Ligand SMILES: Cc1ncc(COP(=O)(O)O)c(C=O)c1O
């Protein structure tokens, strides 16, 4: 059976090469006579894979020496709680920039644990269609960090340049655009991402944390919630999500083989240009509610003139083996999640489908 064009928002399409390589090794990994699903996480083979995955992250993302890389479980959502638990004491505070549902969840989790405040919000009638401008951010003196979400998976908005908060480090949820573009680490104290979009399958969360924050972390916390403990144990305090790390390793090698982040970034820009171009060409039929400067290169959201047409679009797309384009239940409309694994050819097929649909129904 041939593969579909999978635009699901996450878990989402993985590079075919990574899947094929895993398929070949599923019964006998590296001549061990075992699958990576079966081998001990304390074995030399697994530890080499684990450390090699961290090295690949360092190389591809150009991560400076003073950052620690953690690979934990619990998803990005656990980080919503671990960040304030580890980095804020009872009398400290931090600002949260609210640009979508997940940043709202992060703020809510932090608010249940510590004293945090909203540094900016772009919510209008329960929806978020833009990223705030520089002047909209209002940081309280003494803030320990400023939390933001680099790409809003549900609404389809993305920070193009990160705000300057001076000496206050940014803490950023990059779940849906990590590894999609080059990154300057300077403003960031901590970056985290659930793997299930650009990195691999669900089950592992990447955390890149500056050493001084690791040192500060973990006061009075159970070991399992402490960055300091996880960093001290090389993310092997307890059993890691071995298979997810293994798949992530394959995806990273694929990125490396393609030429690294500069190449990936260019490809993502081209894909976005093509799809937004098709939307903008027919604004009476394909209606983008997202402010142009805030448009995401990863998740493209738009509406059609009616809910009926949107349902038809989704089902007609499915007939053409284009899957996963239904908008999130909280927003409706259409959402195309085009992560790194999608080549320009997938977007060309989609755009051609959109043009045909328009000529029949427009
Ligand atoms: C930007 C963003 N943050 C957080 C999450 C939640 O991630 P998880 O399901 O890994 O907890 C998601 C999930 O899609 C997301 O897109």
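The values are calculated or read from the model by the stated rules, or taken from the named source; none is laboratory data. Please read these numbers as outputs of a predicted model, since none were measured by experiment. Neighbour counts run over all protein chains shown; Cβ positions are idealised from the backbone, glycine included.
If you scan segment 211-223, which residues turn out to be touching a residue at least 12 places away in the same chain (Cβ under 8 Å) and either within 29 Å of residue 12 (Cβ to Cβ) or assigned to a loop (DSSP other than H, G, I, E, B) (or both)? Hits for segment 211-223 are 217, 218, 219, 221. In segment 42-55, the residue that is farthest from residue 194 (Cα to Cα) out of those that are surrounded by 18 or more Cβ atoms within 10 Å (Cβ to Cβ) and in contact with a helix residue (DSSP H, G or I) (Cβ under 9 Å, 6 or more places away or on another chain) is 46. Here residue 25 meets the list (1) within 16 Å of the ligand (Cβ to nearest atom); (2) free of Cβ contacts under 8 Å to residues at least 24 places away in the same chain almost entirely, failing just condition (1).
One residue alone among 179, 252 is within 12 Å of the chain's Cα centre (by Cα) and over 14 Å from residue 70 (Cβ atoms), and that residue is 179.
Kindly evaluate residue 161 against the criterion of being more than 14 Å from residue 70 (Cα to Cα), at pLDDT 95 or above and within 16 Å of the ligand (Cβ to nearest atom). Spelling it out, it is not the case that residue 161 is more than 14 Å from residue 70 (Cα to Cα), at pLDDT 95 or above and within 16 Å of the ligand (Cβ to nearest atom). Sort out which residues of segment 56-68 are buried (at least 21 other Cβ atoms within 10 Å of the Cβ) and not in a helix (DSSP H, G or I), and write them in order of number. Matches in segment 56-68: 67, 68. Filtering segment 224-264 to residues that are within 20 Å of residue 196 (Cβ to Cβ) and not in a helix (DSSP H, G or I) leaves 235, 239, 240, 241. Scanning segment 143-154 for residues that are more than 10 Å from the ligand (Cβ to nearest atom) and out of contact with any helix residue (DSSP H, G or I) (no Cβ under 8 Å at 6 or more places or on another chain) yields 143, 146. Within segment 218-229, is there a residue that is within 21 Å of residue 156 (Cβ to Cβ) and surrounded by 13 or more Cβ atoms within 10 Å (Cβ to Cβ)? Looking for residues that are within 21 Å of residue 156 (Cβ to Cβ) and surrounded by 13 or more Cβ atoms within 10 Å (Cβ to Cβ), one finds none in segment 218-229, hence no.
Among residues of segment 85-108 that are farther than 22 Å from residue 142 by Cβ, those with a beta-carbon under 9 Å from a residue that is assigned to a helix (DSSP H, G or I) and near the ligand (Cβ under 10 Å from one of its atoms) at least six positions away or on a different chain give the pairs 102/76; 102/77; 102/80; 105/77; 105/80; 108/80.
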